[in-house]
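Q: I have a structure I would like to understand better, so I am pasting it below and will then ask my questions one at a time.
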Amino acid sequence: MSQGAAKRHVTVDGNEAAARIAHAASEVIAIYPITPSSPMGELADAWSTAGMPNVWGAVPEVVEMQSEGGAAGALHGGLQAGAMCTTFTASQGLLLMIPNMFKIAGELTSTVFHVASRAVATHALSIFGDHSDVMAARSTGWAMLASSSVQAAQDLAVVAHASTLGARVPFLHFFDGFRTSHEINVIEPVEDDVLRTMIDDHLVRAHRERALSPDHPVLRGSAQNPDVFFQAREAANPFYAITPAVVQWTMDRFAELTGRSYHLFDYSGHPEAERVIVQMGSGVGAVQETIERLTVAGEKVGVLEVRLFRPFSTQAFAAALPRTLKALAVLDRTKEPGAPGEPLYQDVVTALTEEVAAGRFPAMPRVIGGRYGLSSKEFDPSMAKSVFDELAKPAPKNHFTVGIYDDVSHTSLEVDRSFSTEPDDVVRAVFYGLGADGTVSANKSSVKIIGDATDLFAQGYFVYDSKKAGALTVSHLRFGPRPIRSTYLVRRANFVACHQFHFLERMDVLEVAGRGARFLLNSPYGPDEVWEHLPVETQRQVIDKELRLFVVDAQKVANEVGLGARINTVLQTCFFALAGILDQEEAIARIKQAIEKSYGKRGKAVLEMNYAAVDKALEGLHEVIVPKTVAGGLHMLPPVSPEAPDFLQRVTAKMIAGQGDLLPVSALPVDGSFPTGTAKWEKRSIAHEIPIWDPDICIDCAKCSLVCPHAAILMKVFEPIAADQAPGSFQHKEWRDRENPGLWMTIQVAPDDCTGCGVCVDVCPAKSKEEVRHKSINMEPKAEHLEAERANFAFFEGIAPPDKRDVKVASIKGSQMLEPLFEFSGACAGCGETPYLKLLSQMFGDRILIANATGCSSIYGGNLPTTPWGVGRDGRGPAWSNSLFEDNAEFGLGMRLAIDHQATHARELLAELASEVGPDLADELRSADQSTEAGIHDQRKRVADLKRRLEPLESYEARELLSLADALVRKSVWIVGGDGWAYDIGFGGLDHVLATGRDVNILVLDTQVYSNTGGQASKATPRGAVAKFATGGKRIGRKDLGMIAAAYGNVYVGQVAMGADNAQSVKALAEAESWHGPSVVIAYSTCIEHGIDMSTSMTHQGEAVKSGFWPLYRYDPRHERDGDLPFQLDSRPPSMPVRDFQAKEARFAMLARSRPREHAELQRLAQADAEERWHFYEQLAGVERHPPGRLEDHEGRAEPPAEEEEVEPWAPT
Amino acid sequence: MGADLRTRYLGMELPNPVVPSASTLSSRIDTLKRLQDAGASAVVMQSLFEEQIEREGLEIHLVLERGTESFAEALTYLPELEDYNIGPEAYLRHLELTKRELEIPVIGSLNGSSPGGWVRHARLIEDAGADALELNVYFVAADPDLTSAEVEQLYIDLVEAVRSSVEIPLAVKVGPFFSSMANMARRLVEAGADGLVLFNRFLQPDIDLETLDVDPTLHLSTSEELRLPLRWIAILRGRVDTSLAATTGVHTWEDAVKLLLAGADVTMMASALFKHGPEHVTTVLDGIRTWLDEHEYESVEQAKGSVSQAACPDPVAFERSNYMRAVVNYTSPYDWRAAPSEPRA
């Protein structure tokens, strides 16, 4: 058994393990959210807010910056002024820090940055772990220390903070994103006195003495010339030379104090190994397990773990290798296309060459390099074994890949998936749950219960969905008598739990089940009736694998005690009962303690409900007597309909089914281009209730369709249909339109795409005269309507949309008659952002390019497997791309520049070719009015005509024009992103793009918080709101982005809130699009982070406006030209106190409970903010402006000066 | 001046019969001090709502859990704060502070929903230093299966349970909706109530004619509403041996005097104080004093109950549906002719 009884253990994840040390060893912490490092910043902020001191007894100063670049700059300054500084980052965030990192290293400044390493975006963004970010920073001159486990993430954080002081070289401490940062494991904590001892006060004071001070001034940051720069650069060499020794000395000191020993390179395995893997990071755990198994079988294998990657000590490296070495495989968790090998491989080759040449290593072994684990791709013992097998071959493959099947370049190694090192005395449990049911929370609690309260070791790792609504979670838990370093997913579980019955028909939850495993199923069917309700495929696995099947109706128990959808406590109790890790009584007592710890602050009622759930859980748990044969006719559903296009069948379907790992390289696009309009093929069917239309009271307002965040309730207006053509259940009513009498309309739900958010019902204004609660749209149980609505929806899809030329696009009803080209996104149910995007797609989807900043909108907009941006019947649709978080405005401007250039060039060519294509056509094409749908339609026809005429022409100009002809049709560029982008990280670029005066449209989906990374404060966060990084309530008011933009004079600005004024939102989008200069529309977007019931998303927007918290306005530079005033306030003067609006949102109301005094003061100021702003806007409404605009706007307007006119030469007066 | 304003309420000797009733006026210490300075003889604290505490806890729980552990980039959406002050602690701390800062008696007020909760919170209020406790019982018996006898028994059980768990004087504030108010009053007193507070006012539903939403609101009372407590205090005075407090509709000194005459030991006001400010207490007290002096009453005690049902010349008037008399009065040709434009006194 472990040393658990003797030593204190804590159960934490890698982020917390590292952050605790960083916070304790720092004075200034500059933070910025980025996955997967955000929790480190959040913890540091929360600890400082709670007054937790550092080792010097002071509370570290934590400041959120506008970007990682800003954080690095602030830290550079903090370091120059003598503070101990740290930050936390990953991926693109680290890349933004690189310029300052060069400076900080060049100035030999002691600091540590902690990195949860993550893939750098290339053909796609990925939030998952690999080393591409840290490898991009390896030339900065920072020491780089790699941690391969949660324990090491803590311990090496200490080593980094202590070593940097001695070495004066800054340290980048990194560990694998998610695999280590988010893995919960049992570790021995570093006690405070150990940390206190490790941080040498003399060195801290020396650091301070080197600081800039007017009391003993020096100059740093000089500019140097060819004469000295080079020499100065070399002057720092001795510090790098000594750093490895400093680190080893520090590691040794740490070992003396804690008993945990680390080395620059740690070898483990057979002492006379002939085949060795060199590796860095979490994958080492899987290799070590493999080695243990292989050495028992007599194989001479080992692994060398690299801990100090920079400065790379070639001598220490060679010294750590067994002399018997014959073949070495270097595994890199990154890809450097075009290089002779990946970075670690190259270092190893260089080191061995030098060491062999110097006679310090006996002979050059065979060295091969390979890539593994990009973007958290699984790396498990079967893969490690395949690498060792490869090393044993006479001609092993170099530059290989492992963990994928590469049928294009044939780099991949073959893997024997049956190889497993999972020992039988480890409980290996896999749980399938929904995000909303609390499965992960319960499992985290179970890991902590076992890790903290028993001598057993525990590990928890959690796999989340790429969708936010109805998200699937898979939890992988291990419990065992030895420290758990299985850094890969559970593959042969001896316990499987499926917390949602309906998962069975969509995914193979028993694929991971080992023989004889226990299978806990949350089932509405009791033990005697459940069998026939299981898909045949599930039944077969239960029989074949000899599983023991248990059922519990967790939902029933949860309902009885008032927990609703949170079935976690019930199932957690059942897990403990079945897993047999603790005896029942103790387990129940421990679960209750954990409940008290998690929920104690939330009051007695919450505790009592959960206690009741624990007490009642086991009454409902039953073992099913498994029949010997399958029964019933239920089968698993195919991931996509057989009618889906080929790519979806071949590729997307596998991803949906959770089998993306099996896709070969050849299946994937080479450049990251994917078909659009794929979300509609992934029928997730996650709603329990769907909206059902009652045509009798409908008033044709189209609001339900307008506000639907998921495009799952739609309106169509159409010519009457013969009764026998439509399904019997298909409903319609007469469309009330005097100009176009006789048309029909219908409102249709997409039953399998609806999330059941209820926003449509909330906004429906049509109430029954007899029974007010009955509206024209009502949420009703899906099961009762599914069959009919599926048929209705299929028929509905076949009804052609109207000709856009006949529709008043810039109106609520008109826009809603048009097809949405953004549908069924994976956004949260009730999302406040997506209705704007859907509206945008309806109004202009056939001609827009979208530059989308990283954030929620790029995730629900572009996260595979399926994406919502769609294609219309004419094949046209939004072309969408995401560049980065920080550069989105510039990215969109680039699109505009390209389009404009192509259009200009096309017009020039047209002029040249006028006689060949026909002067009339050329003329019309060049002077076409494209301000209306009809104008655009006609121009498209002309372009088609032009292409036909150009086809036979063979001149260079004709070929050019043919390739550029489409540019003659007006395109609209939309730059879309959230407030984190627009107000903070991307503001500089956004401002610059506005200043160019070019025709771009910027849509800011303003949730007033960094939504995608979990609710950190941005400069859009209003005063008094609680957010991460502002846990005590935001102290200052939100930035007025609209006014900053309006200050330019020639920028169209709209501040809108769809839920408050539908028509104003539609109008603002239309005006922004039609203004041929820069436009900004700032759209108030309700978000789950506001702490509201999202079904009332739109109502909240109404109150935000009514209280003056979010005034609606439009600033239209064209008004000036009409002799009007450009600024127009669209909302009415505030008619309710801001406090009444804020009282309904938890982001404000929580503070009232937590810190009533501050809340009262902040609320008073929030009211003053609203009143002051309203007063300011009222005055603006009377202000005239006459900005002259760009030179191009004037060309051809004014008379040119007469040629003979003398221009006055400038002369001094 | 002359008349002695002292009165006894719940066994406490109070300098006068004007007490601010349970309302948000008691949420700020400075307001409470102004009330004391204006002459309030005691103060009833805002109610501790057990149901509200529970609901707030559940709502915070719901909000903090919503959307969590679903999406890898955002495992939570709102920060976990140090404390949400769910539970009675904030109320009790405020009560302790009030007790420290004021010289006049402080009466705690409790509005509960579960038997356990009533007893637990009553004790906590006592421990926080309240001089007395007012149980504010309100319950809409909407269930057709629930008989009036069962409803009444709920009240009795409750009062007995709380009585047996606290030492301080206990007042029970109830609504008028009992088939037999007088019998109920006596049973409440037998169950352990030291006083009755007649009557409570709670949210009443309203319908918004635009949205057709049902909106429970609380409007400030008017003097008109004092007729109901006036009747029942007059009836109960002398019949049930207990302290009687009148609340609802007490706005002016005239209102207060009427209630005292009917038999109230104290008169409680809130709406008038919201309208006119805490200093309105002084105006009311001055008015009471002046009236007593002008009508040559020596003291409140002397006037108290002098027009109760038992003491008045026309006892039936309190029981009669006053409608007949009112109709006669209003239709009297004499009145119409005599003072066509005079407001009726």
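Q: Which of the aspartates and glutamates could a cross-linker span from residue A:545 if the Cα-Cα distance has to be under 13 Å and same-chain partners fewer than 8 positions apart are dropped?
A: Once the sequence-local aspartates and glutamates are set aside, what remains near residue A:545 is A:511, A:537.
Q: Past the 20 angstrom mark, what percentage of all C-alpha to C-alpha distances in the stretch A:573-704 do you count?
A: On the way: 6276 of 8646 pairs.
Value for the stretch A:573-704 (Cα pairs over 20 Å): 73 percent.
Q: From the mean inverse distance of alpha carbon pairs (Kirkwood) and the Cα radius of gyration, derive Rg over Rh for the stretch A:573-635.
A: Numbers: Rg = 16.5 Å, Rh = 13.9 Å.
Ratio of gyration radius to Kirkwood radius: 1.18.
Q: How long are the semi-axes of the equivalent ellipsoid of the stretch A:966-1117, defined as square roots of 5 times the Cα gyration tensor eigenvalues? Whole Å, largest first.
A: On the way: eigenvalues 141, 61, 38 Å².
Taking √(5λ) for each Cα gyration eigenvalue gives 27, 17, 14 Å.
Q: Let me ask you something else. Quick check on the protein assembly as shown: take the gyration tensor over C-alpha atoms, sort the square-rooted eigenvalues as a ≥ b ≥ c, and tell me if it's rounded (a/c under 1.5), prolate or oblate.
A: Numbers: a/c = 1.72, a/b = 1.38, b/c = 1.25.
It comes out prolate by the Cα gyration axes.
Q: List every residue whose amide H lies under 5 Å from the amide H of residue A:267, counting only residues 5 or more places away in sequence or on a different chain, with H placed 1.01 Å from N in the peptide plane.
A: Under 5 Å from the amide H of residue A:267 lie the amide H atoms of A:305, each far enough along the sequence or on another chain.
Q: In straight Cα distance, which lysines are under 19 Å from residue A:808, not counting same-chain residues fewer than 8 positions off?
A: Candidates past the 8-residue exclusion: A:703, A:716, A:838, A:1067.
Q: Would you mind getting me the FRET efficiency between residue A:773 and residue A:272? Use the beta-carbon distance for r and R0 = 56 Å, nearest 0.05.
A: On the way: r = 80 Å, r/R0 = 1.43.
My answer for the efficiency is 0.10.
Q: At most 16 other Cβ atoms within 10 Å and a DSSP loop assignment: could you name the trypsin sites (Lys or Arg not before Pro) in the stretch A:822-900 that fit? All intermediate terms of the calculation are to be shown ahead of the outcome.
A: Details: sites: A:838, A:847, A:873, A:876, A:896; in loops: A:873, A:876.
Qualifying residues, ordered by number: A:873, A:876.
Q: Let me ask something else. Report, as an integer, the average count of C-beta atoms from other chains found within 10 Å of each Cβ along A:1138-1150. Show your work: numbers first, answer last.
A: Values: counts 0, 0, 0, 0, 0, 0, 0, 1, 8, 4, 0, 4, 9.
Neighbouring Cβ atoms belonging to other protein chains average 2 per residue here.
Q: With an 8 Å cut-off on Cα pairs and a minimum separation of 6 or more residues, tell me the relative contact order of the stretch A:241-306 in percent.
A: 37
Q: Shape call for the stretch B:25-94 from the C-alpha gyration tensor, a ≥ b ≥ c root eigenvalues: rounded (a/c under 1.5), prolate (a/b greater than b/c) or oblate? Spell out each step's value before the answer.
A: On the way: a/c = 4.94, a/b = 3.18, b/c = 1.56.
Taking the square roots of the gyration eigenvalues as a ≥ b ≥ c, the stretch B:25-94 is prolate.
Q: Give the calculated FRET efficiency between residue B:290 and residue A:1035 to the nearest 0.05, with a Förster radius of 60 Å applied to their Cβ-Cβ distance. Working shown, then result.
A: Details: r = 53 Å, r/R0 = 0.88.
Computed FRET efficiency for residue B:290 and residue A:1035 comes out at 0.70.
Q: Only sites in a loop by DSSP and with at most 12 other Cβ atoms within 10 Å count here; which trypsin sites (Lys or Arg not before Pro) in the stretch B:153-221 make the cut? Intermediate results must be reported in sequence, preceding the final value.
A: Details: sites: B:163, B:173, B:186, B:187, B:201; in loops: B:201.
Sparse-neighbourhood loop trypsin sites (Lys or Arg not before Pro): none present.
Q: Using only the alpha carbons of the stretch A:302-451, what is the convex hull's orientation-averaged projected area in square nanometres?
A: Details: hull surface 51.7 nm².
Result: 12.9 nm².
Q: Run the helix sum for chain B: -39,500 (n - 2.57) per DSSP H stretch of 4+ residues, divided by residue count, reported at 222 nm to the nearest 500 deg cm²/dmol. Don't jump to the answer; show the numbers that get you there.
A: Values: 14 runs with 144 residues, N = 345.
The helix contribution divided over chain B gives -12500 deg cm²/dmol.
Q: Moving to a separate point now. For the stretch B:78-197, what class follows from the C-alpha gyration tensor (a ≥ b ≥ c being the square roots of its eigenvalues): rounded when a/c is under 1.5, otherwise prolate if a/b is larger than b/c, else oblate?
A: On the way: a/c = 2.55, a/b = 1.46, b/c = 1.74.
Oblate is the answer for the stretch B:78-197, as a/c is 1.5 or above yet b/c matches or exceeds a/b.
Q: Another one. Using bins 5 angstrom wide from zero, how does P(r) for the stretch B:1-126 break down, in % of all Cα pairs?
A: Bin by bin from 0 Å, the calculated values are 2, 9, 16, 16, 14, 12, 9, 7, 5, 4, 2, 2, 1, 0, 0, 0.
Q: Would you please give the residues with an amide H less than 5 Å from that of residue A:457, counting only those at least 5 places away or on a separate chain, with H modeled from the backbone geometry?
A: For residue A:457, the qualifying residues are A:480, A:482.
Q: Right, another one. Based on the Cβ-Cβ distance from residue A:357 to residue A:407, what FRET efficiency comes out when R0 is 30 Å, to the nearest 0.05? Walk me through the numbers before you get to the answer.
A: On the way: r = 40 Å, r/R0 = 1.32.
The computed FRET efficiency comes out at 0.15.
Q: Give the residue list of trypsin sites (Lys or Arg not before Pro) in the stretch B:9-84 that are DSSP loop and have at most 16 other beta-carbon atoms within 10 angstrom. Present the calculation step by step, with values, prior to reporting the outcome.
A: Details: sites: B:28, B:33, B:34, B:55, B:66; in loops: B:28, B:66.
Filter output for the stretch B:9-84: B:28.
Q: Applying the Karplus parametrisation 6.51 cos²θ - 1.76 cosθ + 1.60 with θ = phi - 60° to the phi angles of the stretch A:22-38, what ³J(HN,Hα) value in whole Hz is obtained for each residue in order, glycine and proline being reported as x?
A: Couplings: 4, 5, 5, 9, 10, 10, 10, 10, 9, 10, 7, x, 7, 5, x, 8, 3 Hz.
Q: Say each of residue A:398 and residue A:904 gets a label point 7 Å from the Cα, pointing the same way as Cα to Cβ; how far apart are those two points in nm?
A: Spacing of the two 7 Å Cα→Cβ label points: 5.1 nm.
Q: Sort A:416-429, A:452-465, A:82-95 by packing, meaning the average of other beta carbons within 10 Å per residue, with the highest value first. Walk me through the numbers on the way to the answer.
A: Details: A:416-429: 16.0, A:452-465: 21.0, A:82-95: 26.9.
Per-residue Cβ counts within 10 Å, averaged per peptide and sorted highest first, yield A:82-95, A:452-465, A:416-429.
Q: Can you compute the charge dipole magnitude of the protein assembly as shown about its Cα centre, using +1 on each Lys and Arg Cβ and -1 on each Asp and Glu Cβ, nothing else charged? Give it in debye, rounded to the nearest 20.
A: Values: 149 positive and 212 negative charges, 511 e Å.
So the magnitude is around 2460 debye.
Q: Now a separate question. Which of the lysines could be linked to residue A:326 by a straight reach, that is with a Cα gap under 19 Å, when you skip same-chain ones fewer than 8 residues away?
A: A:300, A:385, A:393, A:397
Q: Would you work out the relative contact order for the stretch A:831-982, in percent, from Cα pairs under 8 angstrom that are 6 or more residues apart? If you can, show how the numbers build up before the last one.
A: Values: 183 pairs, mean separation 51.9, N = 152.
Answer for the stretch A:831-982 is 34 percent.
Q: Using a basic spin-label model with each label point 7 Å from the Cα along Cα→Cβ, how many nm lie between residue A:1168 and residue B:211?
A: Those two pseudo-labels are separated by 3.0 nm.
Q: I've got another one for you. Which of these, B:125, B:168, B:60, has the largest mean-square fluctuation under a Gaussian network model of chain B (Cα springs below 10 Å)?
A: Residue with maximal mean-square fluctuation among B:125, B:168, B:60: B:60.
Q: Say we join alpha carbon atoms closer than 10 Å with springs in a Gaussian network model of chain B; which of B:304, B:99, B:275 then has the biggest fluctuation?
A: B:275
Q: While we're on this one: So for the stretch A:75-206, averaging the separation of alpha carbon pairs under 8 Å that are six or more residues apart and normalising by length, what relative contact order in percent results?
A: 26
Q: Continuing with the same structure: Where does chain A land at 222 nm, in deg cm²/dmol rounded to the nearest 500, when only DSSP H runs of n ≥ 4 count, each adding -39500 (n - 2.57), divided by all residues? Present the calculation step by step, with values, prior to reporting the outcome.
A: Numbers: 41 runs with 447 residues, N = 1213.
For chain A, the value works out to -11000 deg cm²/dmol.
Q: Based on C-alpha coordinates, I'd like the Rg and Dmax of the stretch A:286-387, in Å.
A: 14.1, 40
Q: I would also like to ask the following. Cα atoms only, the stretch A:874-969: Rg and Dmax in Å?
A: 15.0, 48
Q: Using +1 at the Cβ of each Lys and Arg and -1 at the Cβ of each Asp and Glu in the protein assembly as shown, identify which of A:557, A:454, A:55 lies farthest towards the dipole's positive end.
A: A:454
Q: Once fully extended, how much extra length lies between residue A:560 and residue A:911, figured as 0.36 nm per residue of separation less the alpha-carbon to alpha-carbon distance?
A: Values: separation 351, 0.36 × 351 = 126.36 nm, distance 7.77 nm.
Length gained, residue A:560 through residue A:911: 118.6 nm.
Q: Continuing with the same structure: Can you run phi through the Karplus equation (6.51, -1.76, 1.60; θ = phi - 60°) for the stretch A:1107-1114 and list ³J(HN,Hα) in whole Hz, with x for Gly and Pro?
A: 7, x, 5, 9, x, 9, 7, 9
Q: Can you compute the charge dipole magnitude of the stretch A:479-597 about its Cα centre, using +1 on each Lys and Arg Cβ and -1 on each Asp and Glu Cβ, nothing else charged? Give it in debye, rounded to the nearest 20. Kindly include the intermediate steps, with their values, before the conclusion.
A: Numbers: 15 positive and 15 negative charges, 142 e Å.
With Lys and Arg at +1 and Asp and Glu at -1, about 680 debye.
Q: Please list, ordered by chain and number, the residues whose modelled amide H lies under 5 Å from the amide H of residue A:1130; skip anything fewer than 5 residues away on the same chain.
A: A:1112, A:1113, A:1114
Q: Find the Rg to Rh ratio for chain B, where Rh is the Kirkwood radius over alpha-carbon pairs and Rg uses the same atoms.
A: Details: Rg = 22.6 Å, Rh = 22.0 Å.
Ratio value, two decimals: 1.03.
Q: A follow-up question, please. Modelling each spin label as a point 7 Å along the Cα-to-Cβ direction, I'd like the residue B:8/residue A:585 distance in nm, to one decimal.
A: 5.7
Q: On each of the three principal axes of the Cα atoms of the stretch A:183-342, give max minus min coordinate, whole Å, ordered largest first.
A: 68, 46, 31
Q: Further question: So what J values fall out for the stretch B:42-48 if you push phi through Karplus, 6.51 cos²θ - 1.76 cosθ + 1.60 with θ = phi - 60°, rounded to Hz, Gly and Pro as x?
A: 6, 9, 9, 6, 3, 6, 8
Q: Compare B:71, B:318, B:199 in a GNM of chain B, Cα atoms joined below 10 Å, and give the one with the largest fluctuation.
A: Maximum fluctuation in the GNM of chain B, among the listed residues, is at B:71.
Values in this text are rule-based calculations from the coordinates and carry no lab data. Worth saying up front: this structure is predicted, and the values here are computed from it rather than measured. Counting neighbours? That spans all protein chains shown, and the Cβs are built from the backbone with ideal geometry, glycine included.
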